[in-house]
Amino acid sequence: NTMERVGLAQLGSQLKIGDQARRRRYVILGAGVVGLSTALELKRRLSAAGEAAEAVVVAKHFPGDRSARDYCSPWAGANWFSVATDSGDQERWDAETYRRFARLADGVPEAGVRRMDIRAFFDRPREDAGVVSPATGRIWYDELVGGLRPIPPGEVPDGAEFGFVAGSFVINTQAYLAWLNTEALKAGIEMRRASIDDIRILFKDIEADAYFNCTGLGSYHLKGVEDKSLYPTKGQVMLVETPKTPLKTMYFRSPRRVDSDTTYVFPRNPSGGVILGGCRFDNEWSDTINPELAEDIKRRCCALAPELGKPEDLKVIYHAVGLRPSRKGGPRVERELIDGTPVIHNYGAGGAGYQSSWGTAQHAVDLALQR
Ligand code: FAD
């Protein structure tokens, strides 16, 4: 009868492997901060709904690996200091991540996220410093961070226009990526190492109900996606030894919030040393370390953070370059059918992949689970 035929048709859609019904399965392509956060958020939401679906993370690089060109996440500073001014999705993603970081900082010390203020100075006037959301004329995160505290003009360095202190978080990326990886394994998420040339081949290799594309800059070349609005923004940093007196605050100075000429000091101390940066060079694909720039970064950071002492006294542990996955028009968090297969894109985070990670993960999972 008709009822039976409908029932069999529904059952038939689950009979993918031989004649054994299989559980729903999701594949997450990419194991940077975006891919791992997305995988964990997906598992969390599925368990909350009582659904025992499988999740498989497929990637060329996993936490512990290093690649300046293909794996941005290990090279970030990293902190939460929003660049969003869209009065929309980007601000919401960052706000969600801020709240999650607060829970990690207060309750999960092994995640490597710590509360720390940031002292930020801007060389352009407030209206032109890229911190104000045009739609509201306000700095959107003022209340979220517990109130921005203006720095008195007498304490603002020569050449800077204004400054404020904000309550924020510093992330020891080595510890955090390892923690995300461990949490994923504990949640039963499967990991497979593979370099995928064409996302449509992945559909054949691992059958799944939906695929998350969290490949960062990789989506520039990944066939089936090849997003040419992606471009690299090269960053150069160094890790230095923790000074005798560990720093109690992060420092930032730049003409505008997002600028090629940007200086920052992110203490991951006491265990993690201090990250000194930086620069933002758009459309630079090269991963070479520029030694003159490194000297300039030392000089700028010591001028900003007196605790560091003199440039010649800094003990450098390593220099590094990373390519941020920037994208014209901003990050892509979007559902698309590729050859009829649902793909949820979550890539193109630029210089904000940590601070927007839980927000974009939540958004991407919403897009996957809405039926
Ligand atoms: P990635 O970390 O690059 O991961 C991409 C993943 O996809 C990898 O696992 C890779 O192997 C995999 N992959 C790609 N293509 C393929 C393929 N074809 N087949 C298989 N696997 C593939 N952000 C902040 O929020 N705060 C900061 O303070 C901050 N500071 C930064 C400082 C510097 C110097 C730099 C360079 C970046 C900084 N960022 C910061 C930005 C942040 O690091 C990135 O936004 C983030 O790491 C992007 O993560 P992702 O997971 O999208 O990409």
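The values are calculated or read from the model by the stated rules, or taken from the named source; none is laboratory data. The structure displayed is predicted, hence computed values, not measured ones. Please note: Cβ atoms are built from the backbone with ideal geometry, for glycine as well, and neighbour counts cover all protein chains shown.
For residues that are farther than 21 Å from residue 263 by Cα and near the ligand (Cβ under 9 Å from one of its atoms), scanning just region 70-87, find the one that is modelled with the highest pLDDT.
71
What's the number of the condition residue 27 fails, among (1) closer than 30 Å to residue 147 by Cβ; (2) in a strand (DSSP E or B)?
(1)
Does region 91-99 contain at least one residue that is among the aromatic types (Phe, Trp, Tyr), part of a strand (DSSP E or B) and out of contact with any helix residue (DSSP H, G or I) (no Cβ under 7 Å at 6 or more places or on another chain)?
no
Where residues in region 277-297 are over 23 Å from residue 119 (Cβ atoms) and part of a strand (DSSP E or B), which of them is nearest to the ligand (Cβ to nearest atom)?
This residue is 281.
Mind listing whichever residues of region 312-335 are basic (Lys, Arg) and more than 11 Å from the ligand (Cβ to nearest atom)?
The answer is 315, 328, 335.
Within region 261-276, which residues are in a strand (DSSP E or B) and either away from the ligand (no atom under 13 Å from the Cβ) or crowded, with 23+ Cβ neighbours inside 10 Å (or both)?
The answer is 264, 265, 266, 267, 274, 275, 276.
Enumerate the pairs (first residue in region 243-260 and among the acidic types (Asp, Glu); second residue anywhere and assigned to a loop (DSSP other than H, G, I, E, B)) with beta-carbon separation below 8 Å, excluding pairs fewer than 6 apart on the same chain, so at least 6 apart or on different chains.
Partner pairs satisfying both residue conditions: 259/130; 259/280.
Check 170, 258 and return the single one that is out of contact with any helix residue (DSSP H, G or I) (no Cβ under 6 Å at 6 or more places or on another chain) and within 11 Å of the ligand (Cβ to nearest atom).
Only one candidate passes the filter, namely 170.
Identify all residues within region 105-159 that are closer than 23 Å to residue 356 by Cα, charged (D, E, K, R) and free of Cβ contacts under 8 Å to residues at least 12 places away in the same chain; write none if there are none.
106, 138, 142, 143
Filter region 169-204 down to the residues that are of a type in the set (Ser, Thr, Tyr) and touching a residue at least 12 places away in the same chain (Cβ under 8 Å) and list them by number.
The answer is 173, 176, 195.
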